[in-house]
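Values quoted throughout were computed directly from the atomic coordinates according to the rules given, and no laboratory measurement underlies them. Bear in mind that the values here come from a model prediction, so they are computed numbers and not experimental data. We place every Cβ from the backbone using ideal geometry, glycine too, and count neighbours over all the protein chains shown.
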Amino acid sequence: MTTLDDYLDEPRTHGKLVLALQRIISAEFTNADWQEIGYSSGQHEYIQHHDRLLRSLHFGDDDYGACVFQCLEYFARHQRHAIELLINHPKLRSQLIREVPDIIGFVHVDVERVHSEALPDIAPGDVVLRALADAEHLLLTSGPVSAVDRLHTALHGYFRMLCTSMGISVADDASMTALFKALRADHPALSFMGPHDKEMVRVLNGFANAIDALNSLRNNGSIAHPSKNLLGEPEALLAVNATRTIFNYIRAKVGQ
């Protein structure tokens, strides 16, 4: 799995992340937010004694954006933990996920707070992006079987929200497989696949089989229910990657 160090060492991804951070920080951060990051990262002295950062923020000077760039590059060189803290800052995290989706592996979301964070103004797809971030974290901290249950729950909720947003009627207790079939049948973005419709329908049928298998794996091989036959790590990683593939395709098609 790509680490934050790897991500920042690669010029293309480094630049993409720094640009997104600079834009959002310039629009959202207050003096108190900078102080918080400083104390949390051990860089309070650098921030406090920066020649222009807090002063230009206070007076709304034109060079504030340049000062933010300067701080971000300093953190990237000398204190990458500060970059991780910025990625996970409540004011920045959601916008960063939308602008730079491939940072999800560095986003640490409290699993117990996911449902409370899934507010109406957050796109359904963003909830799954956060769940994917949870899964990456859980793979490292709680084991792969926890990640399978987490992702299954998020993808199931995503499919239900898509059905609701399009007025597609489904049973209250519809399984993820049933929701996916309803979307395939009635969602305009999924009912016709273009000039290669026949082949793509075969691919989608494969997705349906994979989703059905994920249902079974979640119920019988994860910690969702007591079981003596939990998934091994390679199998859990396969389930996580299958979920990621399905989500990325559906989100690209429906735009939510």
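Once the C-beta distance of Asn31 and Arg77 is scaled by a Förster radius of 22 Å, the resulting FRET efficiency is 0.40 to the nearest 0.05. Pairwise alpha-carbon distances in segment 4-106 exceed 16 Å for 53% of all pairs. Using θ = phi - 60° in the Karplus curve 6.51 cos²θ - 1.76 cosθ + 1.60, the 3J(HN,Hα) couplings for segment 244-254 round to 4, 5, 4, 4, 4, 5, 4, 5, 5, 6, 9 Hz; x is entered for Gly and Pro.
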